[in-house]
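*Asks:* I am attaching a structure below and will ask some questions about it afterwards.
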Amino acid sequence: MKIRDLMTQKVKTISPEETIQQAAHLMASLDTGALLVNEDDRLVGMITDRDITVRAVAKDLPNDTPVGRIMSTEIHYCFEDEDIMHVAENMAGIQMRRLPVLNRDKRLVGVVSLGNIARGQNQRASATLLQGVAQAH
């Protein structure tokens with residue numbers, strides 16, 4: 001089974017020009033702690049609630065600070081045509097609960113999470129990922 005078969009396709013993103021206040025409001029409305037940052041249909045970063053706290057609030061940056069100023073630019077990702085077991089092993093190794101999914105043109109097409117993999121009916125992939133993520137905590 002390929003990642004495209006179980007990923008979440010509709011992903012809400014934010015642009016690097018939007019403000020950290022807008023990011024925080026979007027995170028609250030989506031009940032998430034992380035947003036993918038997309039520019040011209042390209043994944044350029046990720047912003048988390050921790051980024052806002054440590055890189056903005058703790059440094060007294062104003063609410064209208066652009067997301068691009070504090071986002072993380074080193075993003076782990078996978079490709080939509082990769083095998084579920086391969087991606088689960090990679091996610092376990094880097095202890096990530098979710099990864100952006102790109103097509104081979106490196107355009108964002110979705111997100112794969114621990115929940116997606118668990119629902120994918122591959123018990124070995126689910127167990128591998130869960131074990132790797134659990135080691136991080």
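*Asks:* Just one of Val111, Val101 is modelled with pLDDT under 95 and of a type in the set (A, V, I, L, M, F, W, C); which is it?
*Replies:* Val111
*Asks:* Any residue in region 86-100 that is among the β-branched types (Val, Ile, Thr) sitting within a Cβ distance under 8 Å of a residue that is modelled with pLDDT of 90 or more and not in a helix (DSSP H, G or I)? List the pairs, counting only those 6 or more apart or interchain.
*Replies:* Taking only residues 6 or more apart or on different chains, the pairs are Val87/Cys78; Val87/Leu99; Val87/Val112; Ile94/His76.
*Asks:* Which condition number does Leu26 fail, the rest of (1) under 25 Å from Arg107 (Cα atoms); (2) free of Cβ contacts under 8 Å to residues at least 24 places away in the same chain; (3) outside any helix (DSSP H, G or I) being met?
*Replies:* Condition (3) is where Leu26 drops out.
*Asks:* Just to verify a result, which residue in region 54-104, among those that are surrounded by 14 or more Cβ atoms within 10 Å (Cβ to Cβ), out of contact with any Ser or Thr (no Cβ under 7 Å at 6 or more places or on another chain) and hydroxyl-bearing (Ser, Thr, Tyr), is nearest to Ala118 (Cα to Cα)?
*Replies:* Step by step, filter region 54-104, then rank; the result is Tyr77.
*Asks:* What is the one condition in (1) closer than 30 Å to Arg104 by Cβ; (2) touching a residue at least 24 places away in the same chain (Cβ under 8 Å); (3) of a type in the set (Val, Ile, Thr) that Thr19 does not satisfy?
*Replies:* Failing condition for Thr19: (1).
*Asks:* Please work out which residue is nearest to Gly110 (Cα to Cα), limiting yourself to region 29-45 and to residues that are β-branched (Val, Ile, Thr) and in contact with a helix residue (DSSP H, G or I) (Cβ under 8 Å, 6 or more places away or on another chain). Even if it seems obvious, please write down each step before you answer.
*Replies:* Restricting attention to region 29-45, the residues satisfying the condition of being β-branched (Val, Ile, Thr) are 32, 37, 44.
Filter once more, so that each one left must be in contact with a helix residue (DSSP H, G or I) (Cβ under 8 Å, 6 or more places away or on another chain): 37, 44.
Details: Val37: 13, Val44: 14 Å.
Selected residue: Val37.
*Asks:* Pairs, please: C-beta under 9 Å, at least 6 apart or cross-chain, first residue free of Cβ contacts under 8 Å to residues at least 60 places away in the same chain and in region 44-62, second of a type in the set (Asp, Glu) and in a strand (DSSP E or B)?
*Replies:* Gly45/Glu39
*Asks:* Ok, one more. Of all residues in region 1-23, which are assigned to a loop (DSSP other than H, G, I, E, B), over 15 Å from the mean Cα position of the chain (by Cα) and surrounded by fewer than 13 Cβ atoms within 10 Å (Cβ to Cβ)?
*Replies:* Passing the criteria: only Glu17.
The values are calculated or read from the model by the stated rules, or taken from the named source; none is laboratory data. A quick note: this is a predicted structure, and the numbers were derived from the prediction, not measured. Cβ sites come from the backbone with ideal geometry, for glycine too, and all protein chains shown count toward neighbours.
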